[in-house]
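Structure first, commentary second.
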Amino acid sequence: MSKIDYKAIGLKVGLEIHQQIESSHKLFCNCPPDLIEEEHVVLVRRLRPTRSEVGDVDPAALFEWRRGRYYEYESPLNTSCLVEADEEPPHPLNREALVVALAVARSLGSYIPDEIYVMRKIVIDGSNTSGFQRTALVAIGGAIEVNGKIIPIETICLEEDAARKIGEEGLKVKYRLDRLGIPLIELATAPVIESPEEAREVALAIGRLLRLTGRVKRGLGTIRQDLNISIAGGAKTEIKGVQRLELIPKVVHYEVLRQLRLIELRRELLKRDLSKDSITYNPVDLTSKLARSSSKILRRAVESGGVILGIKIPKMKGLLGFELMPGRRFGTELADYARFWAGVSGIIHSDELPGYGITGEEVNVVYETLNADPSIDAFIIVADIREKALKALSTIVDRIRVAFDGVPEETRAANEDGTTRYMRPRPGAARMYPETDIPPVKVTDELISEADKIKPEPLNVKLERLISKYGLSRELALEVLMDIRLDLIESLIEKYHERVQPSIIASIFVVTLRGLRGKGLDIEIITDKHLEEIVSYIAEGLIAKEASELILEEIAKNPQLTVREAIEKLGLRAVSEAEAEAVIDEIIREYIEEVKKRGLKATSLIIGKAMGKLRGKIDGRRVAEIAREKIEKIIGEHKT
Amino acid sequence: MDYYGYRGFIARILSSLGLEPGDYVRIIKSNGLVIEGILLPRYSLVDEPILVVKLKNGYNIGIRVDESDVLEKIGRVERGSPGAPVPLAESIEVGDKHVFILGCGGTVASRIDYETGAVKPYISPEELTLSIPELLKYASIDAEQLFSILSEDMKPWMWSKIIDETAKIISRGYDGIVITHGTDTMSYTSAALSFAFHRGLPVPVAMTGSQRSSDRPSSDASFNLVAATLVASNAPFAEVTVVMHGESSDTYALAHRGVRIRKMHTSRRDAFHSINARPLARVWPYDNRIEILDWNFRKRGDYSLAVDNGFDEKVAYIKHYPGPIAEIIDILVDKGFHGIVIEGTGFGHVSSDAIESIRRAVESGVPVVVASQTLFGRVNLNVYSTGRKMLEAGVIPVEDMLPEVAYVKLSWVLARTRDLKDVRVMMQANIAGEMSLRHDLNLYPRWVYE
């Protein structure tokens, strides 16, 4: 992964971070901003592309609309209302959420305008019932320092989250409205990031800053990163929806790889003396030739009234199987285009044949029918209803022609493994106009002073405070600063530092939890509530600090358990001093000969045996103290 | 001085620099901050020295400027012509019917100017059919904008104008008329048309509007317009109807009789409901289907065109409430009003102390018509003694007629006769389907609580 010299190829990455804000209600209505499975009513809607200047209609949207695309919305009764259903105008902008965004802007030194305008940004994939997303620019400029480098911030916006997509059936796309309207802060950096790892570090630093307000949601799906990636000679690609931080370097790396390979593909095409004009749209009906194929894909298409169409791709043998990213070939890209623009389920190309039940003999028949040369030419087959198959082939021809220009500007979606897939063309200039249902918000001194109250303090100030006020070692304090749960650690230290040593609290996070992750356990599912309960039980003396590891391990394995249940299951209820003494006495009795013989040197043996029985039930130091006292006493008696 | 909404020193600076909305402006704040964007007009009614600009990224912001800041004009946005709408269909087979779309307010199709946020309505037939090509499935379209007013500014003289225009269009031989109208007062206009055409309407008149403005992709305008066009071109009935969303989903519309309709919600798409009556039909605009719900209608082509136009504009419509209602009635009579419609409580009552004022009104030749503020159900002044006293004082109860419809009807009746006896006969006769004498148990909405 590190063979590429990213600087030399001119890698430029900009991040767009979307973080859900913790608030008592949504951005433009009074619904709770929660995702809960509950009863819902169902709405069916269509969205009509809005018309503007000539040609200024999103071609993808227009295409979807002409196909009769419609949307089904599940409207949960407790977490969505008429506003999400687009049946009532938005309520005024949520002030709590605005204060969080302003606090972030203040800590980044951004310029905050005097009046904030909510805008409508046209989005007609159905994810917003209105057909637009409401968004407001709350600040411009500012910067964050990451590893000594200044990363300029371009914009900070406050916007509504989109509805959750829950499925697709034919022309219908299904969404749930609970997520629609949850306040998001969107923070965009300048495209100054120059390596995959740096992209991750900047995302981490921004995520941490956002969490330090104490007013943002944490957990999977509450923060999403979009990446704008380009290299010299390539094109700007926008990659949507990277949810996990660890995936960012991979996504950047694979995108660089893809762009480099597309540039290489272009060179290869030119080397083969091909040009855009060589790729012609000339579909041939292969239905009669292939209808009896043993390929299920082909047979099923024909049986349900479809046709099998093929197209010759001259002199491109081997190039459809040209790998762009691990497991994704140029042919995969073509298939994604065909799926998006024509709604077909897939394509078959000659570089993957024989296969899919299509025999070598049938491949030869296709070559022959298409009047193509099996030694140099390639072909593509689509089996579907005629109209869709034709559209798919013309889309493919267009995309292959674009390969002669190199890398197209695209919006792509991230896959689980860090590769990406074609999502849609990059939208033109943002189609935005004012949300006339919401008056502009004046940024008053009161708003600013409220924001300053939750403005995150600079990290170096925080570091010194953790060391001087709470007595953490510099090393531990630095680890705490890097932790994703920094805000929680801080609030627990603040609340419990008189009863539980701050270093113990910090260790639960930076030692214990990380250790469990090292063991391959999913620590994401451990909630803030779990962690706070453990600290509070330690504070009350109900469990020993050593118990935290065992409890967390149990919860990571059985996330439905409460802390109390885990303690009971593990038998970790703390023992009293007297009970501990009794246990230690018994061990000493068992090993009394050893003690008499070795004196104080036997202490570690006794402690080890005692810990085997008392681990997690009482502070280990206490066990050591009791054991030592008792042994000293015995030695004393023995001597006299 | 008001300069595109700016006042005070900002207005002076802008005008002295010749800066107008649409110009690129550079603001150099005294602290060194530089902001560039397109100058926008200021719509806020609050007088503050704030400049509104659209940044390059499309966002609008407001920037406070003071006299020490520097403003510069750095160019002007090149504006093309507004441009034709982008056709939303590749090709469409045009239906063989002819429908006329008469614009009387409300916007059914429009384009947005993303620079200023201004919305420009489309009403020419070409623009309409390019934006809403599905219309053509049912009929070829002619169109004209008669008014472009806000719903709340509608007045009875405008009803007359719409009626005259509609009659003219019908006489030119269309298969049906669609009238677009703001939703807030659509039911008054639909009632006015119903009475004016009660003797002779050869083709359907389908009124429609939108609850979501047409600039947004989710607007209900086109759905409603297509449904209304389907009714105008193909419905078997020749009545004045209001055609609007039947439920929140984009599935079917309902064609309501123009004298039975009421807007029952401020914002929902399905705000319109027939009260004390069933809608005439359910209309499926995507499927070319009209499902008749009330077979008791006047058939297309049964009548030839006949118009009774004209409305008395000196009619009062008041609601009974626990306050000094007697005084209000007295004032209306003293001010020379020609008729009064009272929305009474429950069965139609007014407070006992108002009965003498009613008697005085009737004796002065001012008819007093009584409907109910419960909307659902029938007025009945025989149940309680107050009601019997009201009858004795000369009020005219109008069964299950909606109070707004009673107001429109009284305006129409008074333009034909001021004779109290004739007024009573006409108000109590069912002229355009505005009343009925029996309600079955299902004619009343129920809410879902589970």
Measure nothing fancy, just the Cα-based angle from helix A:95-107's long axis to the longest principal axis of chain A, in degrees from 0 to 90, nearest 10.
80
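Take the Cα gyration tensor of the stretch A:1-44, multiply each eigenvalue by 5, square-root it, and list the three semi-axes largest first, rounded to whole angstrom.
One finds semi-axes of 43, 15, 11 Å for the stretch A:1-44.
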GNM on chain B, C-alpha springs below 10 Å: top fluctuator among B:SER219, B:SER210, B:SER15?
B:SER15
For the protein assembly as shown, with +1 on Lys and Arg beta carbons and -1 on Asp and Glu, the positive-most of A:ILE116, B:HIS198, A:ALA556 along the dipole
A:ALA556
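What's the whole-number percent of alpha carbon pairs in the stretch A:12-236 lying beyond 26 angstrom?
Details: 10740 of 25200 pairs.
Distances greater than 26 Å cover 43 percent of the Cα pairs.
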Considering amide H positions built from the backbone, and no H for Pro or chain starts, which residues 5 or more places from A:ALA139, or on another chain, come under 5 Å of its amide H?
A:ILE156
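For the protein assembly as shown, what is the percent of antiparallel DSSP beta bridges, rounded to the nearest 5?
Numbers: 118 of 160 bridges.
Beta bridges within the protein assembly as shown, antiparallel portion: roughly 75 percent.
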Per DSSP, loop chymotrypsin sites (Phe, Trp or Tyr not before Pro) in the stretch B:384-450 with at most 11 further Cβ within 10 Å:
B:TRP447, B:TYR449
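Using Cβ counts within 10 Å as a stand-in for footprinting exposure, how do A:CYS31, A:CYS81 rank, fewest first?
Numbers: A:CYS31 22, A:CYS81 19.
Result, fewest neighbours first: A:CYS81, A:CYS31.
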Would you kindly derive the ³J(HN,Hα) couplings of the stretch B:286-297 from the backbone phi angles with the Karplus curve 6.51 cos²θ - 1.76 cosθ + 1.60 (θ = phi - 60°), listing them in order in whole Hz, with x for Gly and Pro?
7, 10, 6, 9, 10, 10, 6, 10, 10, 7, 7, 9
Rounded to whole Å and sorted largest first, list the principal axis extents of the Cα atoms in the stretch B:97-292.
50, 34, 33
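If you average 1/r over all unlike Cα pairs in the stretch B:275-347 and invert the result, what Kirkwood radius do you get in angstrom? Walk me through the numbers on the way to the answer.
Details: mean 1/r = 0.0584 Å⁻¹.
Here the Kirkwood hydrodynamic radius works out to 17.1 Å.
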Using the Kirkwood formula over every pair of different C-alpha atoms, what hydrodynamic radius in Å results for the stretch A:13-142?
17.1
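Considering every residue in B:215-227, what mean count of other chain Cβ atoms within 10 Å of its Cβ is obtained?
Values: counts 9, 11, 20, 15, 6, 3, 1, 2, 3, 0, 0, 0, 0.
Mean shielding count: 5.
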Check B:GLY339: other-chain or 5+ apart residues with amide H under 5 Å from its amide H, H built from backbone geometry?
B:ALA316
Amide H proximity to B:VAL398 below 5 Å, modelled H, separation 5+ or other chain, gives B:VAL370
When the Karplus curve 6.51 cos²θ - 1.76 cosθ + 1.60 is applied with θ = phi - 60°, which whole-Hz ³J(HN,Hα) does each residue of the stretch A:9-21 get, with x for Gly and Pro?
8, x, 5, 10, 10, x, 10, 10, 9, 10, 10, 5, 8
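Order of A:ILE635, A:ILE438, B:ILE342 from fewest to most other C-beta atoms within 10 Å? Provide the component values of the computation, followed by the final result.
Numbers: A:ILE635 16, A:ILE438 20, B:ILE342 28.
The fewest-first ordering by Cβ neighbours comes to A:ILE635, A:ILE438, B:ILE342.
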Would you mind estimating how fast the protein assembly as shown diffuses translationally, via Stokes-Einstein at 37 °C and 0.692 mPa s with the Kirkwood radius over Cα pairs, in µm²/s?
93
Within 10 Å of each Cβ in A:447-454, the average number of Cβ atoms from other chains
0
Percent antiparallel among DSSP beta bridges with both residues in chain B, to the nearest 5?
55
Sequence ranges A:188-194, A:458-464, ranked by mean other-Cβ count within 10 angstrom, highest first
A:188-194, A:458-464
So for the stretch A:273-406, what percent of the C-alpha to C-alpha distances run longer than 23 Å?
25
Under Karplus coefficients 6.51, -1.76 and 1.60, residue-wise ³J(HN,Hα) of the stretch B:335-348 in Hz, glycine/proline x
7, x, 5, 8, x, 10, 10, 10, 7, x, 6, x, 5, x
Reduced Cα scattering model of the stretch A:577-639, Debye log10 I(q)/I(0), q = 0.13, 0.17, 0.18 Å⁻¹
-0.28, -0.48, -0.54
To make sure I understand the rule: partners must be lysines, Cα under 24 Å from the Cα of A:LYS630, and not fewer than 8 residues away in the same chain. Which ones qualify?
A:LYS545, A:LYS596, A:LYS597, A:LYS601, A:LYS609, A:LYS613, A:LYS617, A:LYS639
Counting partner chain Cβ atoms within 10 Å of every residue's Cβ in A:117-124, what's the average?
4
Taking 37 °C and 0.692 mPa s as the conditions, I'd like the Stokes-Einstein D for chain A in µm²/s, using the Kirkwood hydrodynamic radius from alpha carbon pairs.
113
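In a shell of Cβ-Cβ distance under 15 Å around A:THR359, excluding A:THR359 itself, what net charge do Lys and Arg (+1) and Asp and Glu (-1) give? Provide the component values of the computation, followed by the final result.
Values: positive: A:LYS289, A:ARG292, A:LYS296, A:ARG299; negative: A:GLU352, A:GLU361, A:GLU362, A:GLU368.
After counting each charged neighbour, the total is 0.
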Shape box of the stretch B:315-428 [Cα atoms, principal axes, largest first, Å]
32, 27, 21
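When N counts the residues of the stretch A:457-570, how does its alpha-carbon radius of gyration compare numerically with 2.2 N^0.38 Å, as a ratio?
Working: Rg = 13.8 Å, N = 114, 2.2 N^0.38 = 13.3 Å.
Taking N as the residue count of the stretch A:457-570, the ratio is 1.04.
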Sorting B:TYR317, B:TYR59 on the 10 Å Cβ count, fewest up front, what's the list?
B:TYR317, B:TYR59
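How long are the three semi-axes of the equivalent ellipsoid of chain B, in whole Å, if each is the root of 5 times an eigenvalue of the C-alpha gyration tensor, listed from largest down? Provide the component values of the computation, followed by the final result.
Numbers: eigenvalues 435, 192, 74 Å².
Gyration-tensor ellipsoid for chain B: 47, 31, 19 Å.
By average Cβ neighbour count within 10 Å, what is the ranking of A:132-138, B:359-365, A:536-542 from highest down?
Numbers: A:132-138: 23.9, B:359-365: 15.6, A:536-542: 17.3.
Per-residue Cβ counts within 10 Å, averaged per peptide and sorted highest first, yield A:132-138, A:536-542, B:359-365.
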Within straight-line cross-link reach of A:LYS317, lysines at Cα separation under 20 Å, skipping those fewer than 8 residues along the same chain
A:LYS271, A:LYS276
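What do you get when you divide the Cα radius of gyration of the stretch B:146-212 by 2.2 N^0.38 Å, with N the number of residues?
On the way: Rg = 11.6 Å, N = 67, 2.2 N^0.38 = 10.9 Å.
After normalising by residue count via 2.2 N^0.38 Å, the value is 1.07.
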Dividing the surface of the Cα convex hull of the stretch B:8-76 by four yields a projected area in nm² of 4.4
Size descriptor, Kirkwood hydrodynamic radius, that averages inverse alpha-carbon separations across the stretch A:477-531, Å:
11.5
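Read the figures in this text as sums done on the coordinates, not as results from a lab. Model, not experiment: these values are computed from the prediction. Note: ideal-geometry Cβ built from the backbone for every residue, glycine included; neighbour counts use all protein chains shown.
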